[in-house]
Amino acid sequence: MFTAGPGRVLVDADYSQIELRLLAHMSGDETMIHAFLTGEDIHTVTASQVFGIPLDEVTPALRSQAKAVNFGIVYGQSGFSLAQDLSIPVKTAQAYIDTYMAKYHGVREYMARAIAQGKEQGYVSTLFGRRRALPELKSSNFNIRSFGARVARNMPIQGTAAAVMKLAMIRTDARLRHELPEAKLLLQVHDELIVECPEADAEKAAAILREEMEGVVQWSVPLTVSTGIGKNWADAH
């Protein structure tokens, strides 16, 4: 459905696991940081940790379950919600979460710290200082308090990721205007940026996207970006 104009192509640049990388940085969890610094697949590492098996014994099915656990932790998911996503018993899903928290000490401590700070300060904030008020944490209603706890764990991560993307957009746009004036930054969709440019400029545009998106911040784990080029969005993605 989405195609470039005549003689032009779409260049797509997508952050790889930005929220999990942020979780590693913000929590200081040594296991996660080590995985990202050495280039190990974080979902395979998590499967190894949660299921208690060597890395080389992780199957695609176990990796897929570990991926759901990883992102479920980022979103503050409960055992009930994870059980629904994986079509497994709630008891099993909760055991996955409990094992995850036992193995990733830094993440467990970050989650507890985020909720405690939210209660004490009345808000949580991103690494760039944007705040989200959390009156929900002091509600007499259990469900509302639980929602507040999920927000306290998740908002600093997702809010920081959103800020990183906005900074990357500003930097990319400035580079393109200066170096490739015929290239246009078209869209931001979740963790990706899409540029339309003449076919001859595609490789240069991809390099600019990667350099600016990866270099926008310097944290304890690197941000990595994958790029693609195509006449339409499907081919470029």
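The values are calculated or read from the model by the stated rules, or taken from the named source; none is laboratory data. None of the values given here were measured: they were computed from a predicted structure. Virtual Cβ from ideal backbone geometry, glycine too; neighbours counted across all protein chains shown. These area figures cover heavy atoms from the full protein model, side chains too; ligands, DNA and RNA do not enter into them. Shrake-Rupley method; radii C 1.70, N 1.55, O 1.52, S 1.80 Å.
See the values below:
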{"quantity": "Share of carbon and sulfur in the accessible heavy-atom surface of the chain [1.4 Å probe, %]", "calculated": "53"}
{"quantity": "With Cα atoms, 0 to 90° folded angle of helix 142-179 axis to the chain main axis", "calculated": "20"}
{"quantity": "The range 144-234, dipole about Cα centre (Lys/Arg Cβ +1, Asp/Glu Cβ -1), debye to the nearest 20", "calculated": "620"}
{"quantity": "Amide H contacts of Val9 (H built 1.01 Å from N, under 5 Å, at least 5 apart or other chain)", "calculated": "Cys197, Glu199"}
{"quantity": "Neighbour cut-off at most 16 other Cβ (10 Å), DSSP loop, trypsin sites (Lys or Arg not before Pro), the range 155-237", "calculated": "Lys231"}
{"quantity": "Accessible surface, per residue, of the chain when the full set of protein chains is kept, probe 1.4 Å, Å²", "calculated": "51"}
{"quantity": "Thr160 accessible area, assembled protein chains, probe 1.4 Å, Å²", "calculated": "0"}
{"quantity": "Environment charge at Thr227 (Cβ cut-off 10 Å; Lys +1, Arg +1, Asp -1, Glu -1)", "calculated": "-3"}
{"quantity": "Cα long-axis angle, helix 18-27 against the chain (0 to 90 degrees, to the nearest 10)", "calculated": "50"}
{"quantity": "Probe 1.4 Å, all protein chains present, accessible-area order of Met165, Met155, largest first", "calculated": "Met155, Met165"}
{"quantity": "Nearest-20 debye value, the chain charge dipole, Cβ charges on Lys, Arg, Asp, Glu", "calculated": "1140"}
{"quantity": "Euclidean distance of C-alpha centroids, the range 88-122 and the range 130-205, integer Å", "calculated": "25"}
{"quantity": "Semi-axis lengths (Å, descending) of the ellipsoid that matches the C-alpha gyration tensor of the chain", "calculated": "35, 22, 16"}
{"quantity": "Filter on Lys91/Lys119; Lys67/Lys204; Lys103/Lys204; Lys91/Lys166; Lys67/Lys184 - keep pairs with C-alpha separation over 31 Å", "calculated": "Lys67/Lys204; Lys103/Lys204; Lys91/Lys166; Lys67/Lys184"}
{"quantity": "Where Met1, Met169 fall by accessible area, highest first, once all protein chains stay in place (1.4 Å)", "calculated": "Met1, Met169"}
{"quantity": "Accessible area (Å², 1.4 Å probe, nearest 10) - Ser81", "calculated": "40"}
{"quantity": "Accessible-area value, Trp233, 1.4 Å probe, nucleic acids and ligands omitted, Å²", "calculated": "60"}
{"quantity": "Cα long-axis angle, helix 90-103 against the chain (0 to 90 degrees, to the nearest 10)", "calculated": "80"}
{"quantity": "Selection of GluC sites (Glu not before Pro), the range 136-237, meeting DSSP coil and at most 12 other Cβ within 10 Å", "calculated": "Glu182"}
